[in-house]
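The values are calculated or read from the model by the stated rules, or taken from the named source; none is laboratory data. Quantities reported herein were computed from a predicted structural model and do not represent experimental measurements. Note: ideal-geometry Cβ built from the backbone for every residue, glycine included; neighbour counts use all protein chains shown. SASA here: full protein model, heavy atoms, side chains in, ligands and nucleic acids out. Shrake-Rupley method; radii C 1.70, N 1.55, O 1.52, S 1.80 Å.
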Amino acid sequence: NAFYYLTHLSNPDFGENRDIVFLPEKQLIDGKMQYVMIERPVEPFRNPYLDAKKPSMVFSAAETFYDFVKEDNKKVLIAEPTFEWEANRIGASAPPIRIDDKHWLLCYHGKQDDKVGYTQNFMVFKDRDNTFPELIYHKDERLITVSEEWEKPGKFHIPCIFVTGMVKKDDKLILAYGAADERVGI
């Protein structure tokens, strides 16, 4: 009884959507304080407002949660798969956190194929006036990969490290993550 259905967060006419996270603060977008969502359309080419061929990360803005499903709600492509380890798809992993008064840290995942699986990296965004934050850091290295024996695939055969939460504590970054779709690590 603690939760109830509110609304779709994306327009179902444009296909399935995954990896949805929100900036924890409303942003000034086009003169209005709006919620900002990072999403990954499974088939971005079905959305006439996007110019992406593969599952990619997109900013969306809306004044209310109900407005995200509107066909013309504002969307901007953040990043497409660029590097080999991202060849199949990229998407947000954990909600972004502030690292200072102008910058956001986003942990995101990439999938190359079923052999390499899902690995993690970080993006950094800088706030801009009256529009979406700007991507200022997106590098080619995988920073978090399967390495421990208990992180390796078991029941599920695709290697998978997937960060689900981040907390900044003093000068430390604490990550909670799923491993092999079977275990949880910190």
* **Residues of region 33-92 satisfying the condition of being closer than 14 Å to residue 9 by Cα, open to solvent by 60 Å² or more (accessible area, probe 1.4 Å), touching a strand residue (DSSP E or B) at 6+ places or on another chain (Cβ under 8 Å) and not basic (Lys, Arg)** => 35, 63, 65
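Quick check on region 63-77. Is at least one of its residues assigned to a strand (DSSP E or B), touching a helix residue (DSSP H, G or I) at 6+ places or on another chain (Cβ under 9 Å), of a type in the set (D, E, K, R) and farther than 17 Å from residue 128 by Cα? Can you show your working first?
Just the residues of region 63-77 that are assigned to a strand (DSSP E or B), to begin with: 75-77.
Then drop every residue that is not touching a helix residue (DSSP H, G or I) at 6+ places or on another chain (Cβ under 9 Å), which leaves 77.
The next check asks that each one be of a type in the set (D, E, K, R); those that pass are none.
Checked against the condition, which is being assigned to a strand (DSSP E or B), touching a helix residue (DSSP H, G or I) at 6+ places or on another chain (Cβ under 9 Å), of a type in the set (D, E, K, R) and farther than 17 Å from residue 128 by Cα, region 63-77 yields no hits at all.
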* Kindly indicate whether any position in region 41-62 is at pLDDT below 95, part of a loop (DSSP other than H, G, I, E, B) and of a type in the set (S, T, N, Q). => yes
* To do: Take the residues in region 96-117 that are touching a Cys at 6+ places or on another chain (Cβ under 9 Å) and part of a loop (DSSP other than H, G, I, E, B), then tell me which one is farthest from residue 145 (Cα to Cα).
  => 96
* Asked: Can you tell me how many residues in region 130-176 are assigned to a strand (DSSP E or B) and closer than 11 Å to residue 119 by Cα?
  -> 5
* To do: Could you list all residues from region 112-132 that are free of Cβ contacts under 8 Å to residues at least 60 places away in the same chain and open to solvent by 20 Å² or more (accessible area, probe 1.4 Å)?
  => 112, 113, 114, 115, 116, 118, 122, 124, 126, 128
